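J.: Quick one: the structure is below, questions incoming.
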4 protein chains.
Amino acid sequence: MYRQTARTRILDAAEELFSGGGYDATPTARIAELAGVPKGLLFHYFPRKIDVLISLVDERTLVTEEEVEAVPGDAAGALSRLARRLPLHASPAMRRILFREADTHGSVRERLGRLNAEIIRRARFALELAMPGGRGDAARLEAAAATFAAVLLYQESLCQLTGHHIDPDAVAELIVHALG
Amino acid sequence: MYRQTARTRILDAAEELFSGGGYDATPTARIAELAGVPKGLLFHYFPRKIDVLISLVDERTLVTEEEVEAVPGDAAGALSRLARRLPLHASPAMRRILFREADTHGSVRERLGRLNAEIIRRARFALELAMPGGRGDAARLEAAAATFAAVLLYQESLCQLTGHHIDPDAVAELIVHALG
Amino acid sequence: MYRQTARTRILDAAEELFSGGGYDATPTARIAELAGVPKGLLFHYFPRKIDVLISLVDERTLVTEEEVEAVPGDAAGALSRLARRLPLHASPAMRRILFREADTHGSVRERLGRLNAEIIRRARFALELAMPGGRGDAARLEAAAATFAAVLLYQESLCQLTGHHIDPDAVAELIVHALG
Amino acid sequence: MYRQTARTRILDAAEELFSGGGYDATPTARIAELAGVPKGLLFHYFPRKIDVLISLVDERTLVTEEEVEAVPGDAAGALSRLARRLPLHASPAMRRILFREADTHGSVRERLGRLNAEIIRRARFALELAMPGGRGDAARLEAAAATFAAVLLYQESLCQLTGHHIDPDAVAELIVHALG
DNA sequence: CATGAATGAGCTTTCATTCAT
DNA sequence: AATGAATGAAAGCTCATTCAT
């Protein structure tokens, strides 16, 4: 009746519900209901509840690790671009799931770790290329990259939890200035 | 039989278990068991499960908001000191609970919000006092304070989730350099 | 395993137990046990315990409100027939439940109210038709109908609670005589 | 601290709560709370919960069984007076308890049985004395007395449950007319 | 008498998961 | 693949009752 769409609709429903109320607080029955499929079918596609989360992260979250070109001399611009285009292909809902359920299952944690590493790598790359002459030692550069990654990763959560908004562009400019 | 200790032991047990497996994944029965009290007694002190979490945050978490002295000229030192002494009186376990269960209940979120605001306030204060002449505009100072707060708040989670360690002292030095 | 019978067996068991010990004093576990189904299945069909009672009243209690023919001149006979055939399709057990749990839930109360109204309507109809000339004013006729309804409704409870038996036929004859 | 009032206040509270929500639905804790006494004290005065109900019925319900004078010739008046002054000394709340909890415990049932018997006895007495010559045979007189008792006992419940009001005076007049 | 912490059996309800069709 | 009834362990919570002080 649903052909290949049943599985997709289950994942759609789970994405919405996990992102809203959290994995633990979402019964499989509600996922099936929202997906419009019978409860049994859910377990046909995903033998255990955790498999829904795992598949979600596996299939709807992609940390892009390809090389990026950087324009020497415009480190701030490169960081801003990084902020606007996280190396993460994922819907806002999936992002929330990724951060929220990081300790629910290893596969989620692993994905988040990869994302963090990739952001750091790119930030480091941008800063290195952009600041010729290697002013500022390696340790400071490392701290700068890690700081930028932390801000990017938690900016959204922080805003949601504390109401305090952080402007990534301002942080980018700040960091570049620190290394300039 | 337990005098005034039963309630305390329940909170002790909850602190340990919530910090370990999370609020949702911890049955009240296990809390009681670890506390060495009958299940019913838990509900004598805490009518609903969520009240255990609320009391924990209420009683074992204190965001200190008193004024702090700052030494003009040593902004990096002030930030380092802030990092080493968060304006938060709480055990490591309670800290984990605070960050992890922020979306489980409003009272937890509120406490985390207050903590964030207080860190930003102190960081701003330290930076303002330390950099005479007001070099660097207000917006940049604001970004610097918020960045430092984000790093302090999530440093521990980040390390736990991604394995990547951030050195707050290095970040402090970086930020001060940016405003210098 | 049970086909369409599981739900029926649950209602059967509930009917027996509610009628015996009362709604409040009957644990859902005993209903399931008597029905020979697992506890969980009861909540599959009836999400809350009260839904068992509501369904019971809804499905196993019918107040028939169709018109009735009355033989002019034989009011006592009509009332006796009314007593023997209450406009209520329900087992003796369901009758007991109806009277006993009237304040447990609105739906039970509503059903009992409808039954009372219907008995009064029929009694009035029988008396009106049977006594040509309208001897006895309207108020007396109304009191007669209400009295007969009260006796019919509570006759069984009264007997059970006080041990005192009332003969509806004698009351019918009495009432007709009063209006004669 | 309360001297002899504690026990009284417990009974007061129980009377209010039993009459409102019913015996089963009233926790002993709420009784103690409303009475303003600690839970333990309740069980000092009443070892089991049911003892509260029993004491209530024992002490706050009195079926008066003394002789009554009847005025020959005014049966309707005698019945009306009986309706207005039930041979029952009890608050409206206690009345509700008596009818509602009749199957909760034997002592309540017994009291209700005594009340019913006494009403029948008085109604019979009034009718016998008032109608000289013994018109109407004994069986009809018996039915008349029982009918009047049924109406008096359940009039209040009926009104509460079905919304239908019965006027005892009209029933009195009706019954007397039936025997006249 | 007075107190309220302590006790544990039992309650309703939830839920992931299985399985026959 | 599709269906939803079936299952039972476990959850949160209630409550009459006990008891040490």
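J.: Would you work out what percent of the accessible area of the stretch C:61-179, with all protein chains in place, is carbon or sulfur (probe 1.4 Å)?
T.: Working: 2700 of 5090 Å².
C and S atoms contribute 53 percent here.
J.: Please give the helix D:106-130 orientation as an angle from the longest Cα principal axis of chain D, in degrees from 0 to 90, rounded to the nearest 10.
T.: Approximately 20 degrees, to the nearest 10.
J.: Then there is this: Kirkwood hydrodynamic radius, chain C, all distinct C-alpha pairs: what's the number in Å? Provide the component values of the computation, followed by the final result.
T.: Details: mean 1/r = 0.0558 Å⁻¹.
In chain C this quantity evaluates to 17.9 Å.
J.: Taking only Cα atoms and a 10 Å spring cutoff, compute GNM fluctuations for chain D and point out the largest among D:D12, D:D74, D:D137.
T.: Largest GNM mean-square fluctuation: D:D137.
J.: In a GNM of chain D with a 10 Å cut-off on Cα contacts, which of D:A123, D:A144, D:A170 has the highest mean-square fluctuation?
T.: D:A170
J.: In degrees, nearest 10, range 0 to 90: what is the angle between the Cα axis of helix C:75-84 and the longest Cα principal axis of chain C?
T.: For C:75-84 against chain C, the angle is about 10 degrees.
J.: Does anyone have the angle between helix C:138-162 and the longest principal axis of chain C? Alpha-carbon axes, 0 to 90°, nearest 10?
T.: Once rounded, one gets 40 degrees.
J.: Something else now. To the nearest hundred square angstrom, how large is the accessible surface buried between B and A, total for both chains, probe 1.4 angstrom?
T.: On the way: alone 9850 and 9840 Å², together 16720 Å².
Chains B and A together bury roughly 3000 Å² of accessible area.
J.: Calculate, for C:E156 and B:F43, the FRET efficiency according to 1/(1 + (r/R0)^6) with r their C-beta to C-beta distance and R0 35 Å; round to the nearest 0.05. Walk me through the numbers on the way to the answer.
T.: On the way: r = 42 Å, r/R0 = 1.21.
Calculated value: 0.25.
J.: Starting at the first residue of the stretch C:85-99, write each ³J(HN,Hα) from the Karplus equation 6.51 cos²θ - 1.76 cosθ + 1.60 with θ = phi - 60°, in whole Hz, x for Gly and Pro.
T.: Each residue's phi maps through the Karplus curve to give 10, 3, x, 9, 8, 6, 5, x, 4, 4, 4, 4, 4, 4, 6 Hz.
J.: Under a plain spin-label model, where a point goes 7 Å from the Cα along Cα-to-Cβ, how far apart in nm are A:E65 and C:V68?
T.: 8.5
J.: If you take the charge dipole of chain D about its Cα centre, with +1 on Lys and Arg Cβ and -1 on Asp and Glu Cβ, which of D:L53, D:L82, D:V68 is farthest toward its positive end?
T.: D:L53
J.: Further question on the same structure: If you put +1 on each Lys and Arg Cβ and -1 on each Asp and Glu Cβ, how big is the dipole of the protein assembly as shown around its Cα centre, in Debye rounded to 20?
T.: Dipole about the Cα centre, nearest 20: 900 debye.
J.: Return the Cα extents of the protein assembly as shown along principal axes one, two and three, sorted largest first, each rounded to a whole Å.
T.: Principal extents (largest minus smallest coordinate, Cα): 132, 72, 44 Å.
J.: I would also like to ask the following. For chain B, set up a GNM with springs between Cα atoms under 10 Å and report which of B:A90, B:A139, B:A150 has the largest fluctuation.
T.: Of B:A90, B:A139, B:A150, the most mobile in the Gaussian network model is B:A139.
J.: Determine the shielding of peptide D:102-113 by partner chains: average, over its residues, the number of Cβ atoms on other chains within 10 angstrom of each Cβ.
T.: 3
J.: Let me ask you something else. Select from the stretch B:39-94 those trypsin sites (Lys or Arg not before Pro) which occupy a DSSP coil region and have at most 13 other Cβ atoms within 10 Å, ordered by residue number. Show your work: numbers first, answer last.
T.: Details: sites: B:K39, B:R48, B:K49, B:R60, B:R81, B:R84, B:R85; in loops: B:R48, B:R85.
The qualifying sites are B:R48, B:R85.
J.: From the P(r) of the stretch B:58-116, can you give the percent of Cα pairs sitting at distances over 18 Å?
T.: On the way: 684 of 1711 pairs.
Cα-Cα pairs in the stretch B:58-116 separated by more than 18 Å: 40 percent.
J.: Hey, another quick one. Calculate I(q)/I(0) for the stretch C:5-59 by the Debye formula, one identical point scatterer on each C-alpha and no solvent, and give its log10 at q = 0.15, 0.27 Å⁻¹ to two decimals.
T.: For the stretch C:5-59 at q = 0.15, 0.27 Å⁻¹, log10 I(q)/I(0) is -0.31, -1.13.
J.: Another question about this same structure. Ordered by residue, what ³J(HN,Hα) values in Hz, to whole numbers, does the stretch D:43-55 give under the Karplus form 6.51 cos²θ - 1.76 cosθ + 1.60, where θ = phi - 60° and Gly and Pro are x?
T.: 7, 6, 7, 10, x, 10, 4, 4, 5, 5, 5, 4, 5
J.: Sticking with this structure for a sec: Among D:A145, D:I119, D:I175, whose Cα sits farthest toward the positive end of the charge dipole of the stretch D:92-180 (+1 at Cβ of Lys/Arg, -1 at Cβ of Asp/Glu, about the Cα centre)?
T.: With unit charges placed on the Cβ atoms, the residue in question is D:I119.
J.: Next question, about the same structure. Run the label-point distances for C:P92 please: 7 Å along Cα to Cβ, every other copy, nanometres, shortest first.
T.: Here the equivalent label points are 3.7, 6.7, 7.3 nm apart from this one.
J.: Here is a further query. Counting Lys +1, Arg +1, Asp -1, Glu -1, what net charge surrounds B:T64 among other residues with beta carbon under 13 Å of its beta carbon? It would help to have the intermediate numbers written out before the result.
T.: Working: positive: B:R85, B:R111, B:R114, B:R121, B:R122; negative: B:E65, B:E66, B:E67, B:E118.
Here the charged neighbours net out to +1.
The values are calculated or read from the model by the stated rules, or taken from the named source; none is laboratory data. Note that the structure is predicted; figures quoted are calculated from it, not measured. Because the Cβ atoms are built from the backbone with ideal geometry, glycine has one as well, and the counts that use them run over all protein chains shown. Note: areas computed on protein heavy atoms with side chains; ligands, DNA, RNA excluded. Shrake-Rupley method; radii C 1.70, N 1.55, O 1.52, S 1.80 Å.
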